[in-house]
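Worksheet: the structure to be examined is printed underneath.
FYI, it's all coordinate maths here, none of it is from the lab. Here the structure is a predicted model, which is why all the values come from computation and not from measurement. Cβ atoms come from the backbone with ideal geometry, glycine included; neighbour counts cover every protein chain shown.
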Amino acid sequence: MEPRHPHAPHEPRDPYDPRAPHEPRDPHELRDLYDRQLRREARPDGPGSRVERVGDVVRATGPAHAWNGVLWSGLDAHDTAGADAAVAAQIDHYRAAGLSFEWKLYGHDAPADLGDRLRAAGFTAGEPETLMAAEAAALPRDVPLPEGVELRAVTDEAGVRQVAEVHARAFGTDGAPIGRRLLDQLAADPGAVAAVVALADGEPVSAARLELHPGTDFAGLWGGGTVEGWRGRGLYRALVSHRARIAADRGHRYVQVDAAPTSRPILRRLGFLELATTTPYTYEV
C-alpha cells in the first residue's frame, strides 16, 4: 500500500485516490466506475473474442466455450419498442453465429421491465446475484488455511484439470468449458489471469481464479468453489484474501465479485460493499 500523503489545502480530492484512508466508498459512485470501466468500455477477455458496441448495446462474441453475451445496455427507459428491437437484434446476431448467449442484466439497467421483456423474447432467468466490491489492499492479507492444506498457483494443463474438477464437484456442473477458457487465457496472456487450487494431501478441494483487467481499477473474483466436506473451514475466505493480495500487488484498487446468497455474509464481514443486483438471462440457440 502506498503511504498516505496530505492533500494541498485547495486540491480537489479524488474519491478513488488509493492514497486516501480506507473509508467506505459511496456504493453508487463505485457502481458507476464499474459500469464505465468493465461494462461500457469492456475489452475481450480471451483469444478469439471481440467486444463491440452496436447502438446502445455492448456485447462479447467469441468461441462457443468463451463467455458470449451482452455486457451493458443503455436503452431508453421510455422507448419500450426500441428495447424490444435491441433484444431482437442481439438474438439475431448470436443465432447467426450459432452461439447461445447471456444477457447480463443489472438491477439499475433500463427500462425497468427489461427482465420481463427478455423472458418474453425467449430468455431464461438464472439465480440473481449481488455485485460486490472492496478495496483490494484493505482486505485481510493472511487468512490461515486448515491444517494440511496448501495453495498452489495454476500455470499448466494439470492445474487447469484440477480447477475444472473442483468446479464440477462444487457446483454440480460441467467444468470443461471453464477449463478450456482458462487454458486459452493462460496461453494468450498469463498476466491477465491468476488461478489457484487448494490441495489437501494432494487432492484438489477448492479453487478460484482472478481475472485482471489492465488499465482499469478492478480485478474480478470468479469461480470460488469448495467441495462438500471442506466447506465452512475458511477456504473461501483464504482464496478471497490470496487473490486480493495479487490484485493489489498488480496495481488494481478494487476486487469485485458476483456473490451468491451463501457468499454475501462472508464478503460483508470482509468489508465488501453491495453495489447492485445482477441476473443472468440465457438464450439457447
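Numbers at a glance
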{"quantity": "Mean Cβ count within 10 Å, highest first, over the residues of peptides 152-165, 115-128", "calculated": "152-165, 115-128"}
{"quantity": "Highest average packing first - 177-184, 231-238, 95-102, Cβ atoms within 10 Å", "calculated": "177-184, 231-238, 95-102"}
{"quantity": "Under 5 Å, built H, 5+ apart or other chain: amide partners of Ala195", "calculated": "Val154, Leu210"}
{"quantity": "Segments 198-204, 76-82 sorted - mean Cβ within 10 Å per residue, highest first", "calculated": "198-204, 76-82"}
{"quantity": "Scattering profile of the stretch 222-285 at q = 0.14, 0.15 Å⁻¹ [log10 I(q)/I(0), Debye over alpha-carbon scatterers]", "calculated": "-0.51, -0.57"}
{"quantity": "Under Karplus coefficients 6.51, -1.76 and 1.60, residue-wise ³J(HN,Hα) of the stretch 87-100 in Hz, glycine/proline x", "calculated": "4, 4, 5, 6, 4, 4, 4, 6, 5, 4, 7, x, 10, 6"}
{"quantity": "Residue among Glu147, Glu135, Glu41 with the largest mean-square fluctuation in a Gaussian network model of the chain, springs linking Cα atoms under 10 Å", "calculated": "Glu147"}
{"quantity": "Global form of the stretch 25-82, assessed from the alpha-carbon gyration tensor, a/c cut-off 1.5", "calculated": "oblate"}
{"quantity": "Amide H within-cut-off set for Gly175, under 5 Å, with H built and near neighbours excluded", "calculated": "Ala168"}
{"quantity": "Distance cut-off 26 Å, percentage of C-alpha pairs in the chain lying past it", "calculated": "46"}
{"quantity": "Spacing of the two label points (7 Å from each Cα toward its C-beta) at Thr262 and Asp113, in nm", "calculated": "3.6"}
{"quantity": "The stretch 194-258: relative contact order in percent, alpha carbon pairs under 8 Å with at least 6 residues between", "calculated": "32"}
{"quantity": "Gain in span if fully extended, Ala89 to Glu29, counting 0.36 nm per residue against the direct Cα distance", "calculated": "18.5 nm"}
{"quantity": "Additional length obtainable on full extension of the chain from Thr80 to Leu151, 0.36 nm per residue less Cα span", "calculated": "20.6 nm"}
{"quantity": "Distance between the stretch 147-196 and the stretch 224-249 - C-alpha centres, whole angstrom", "calculated": "14"}
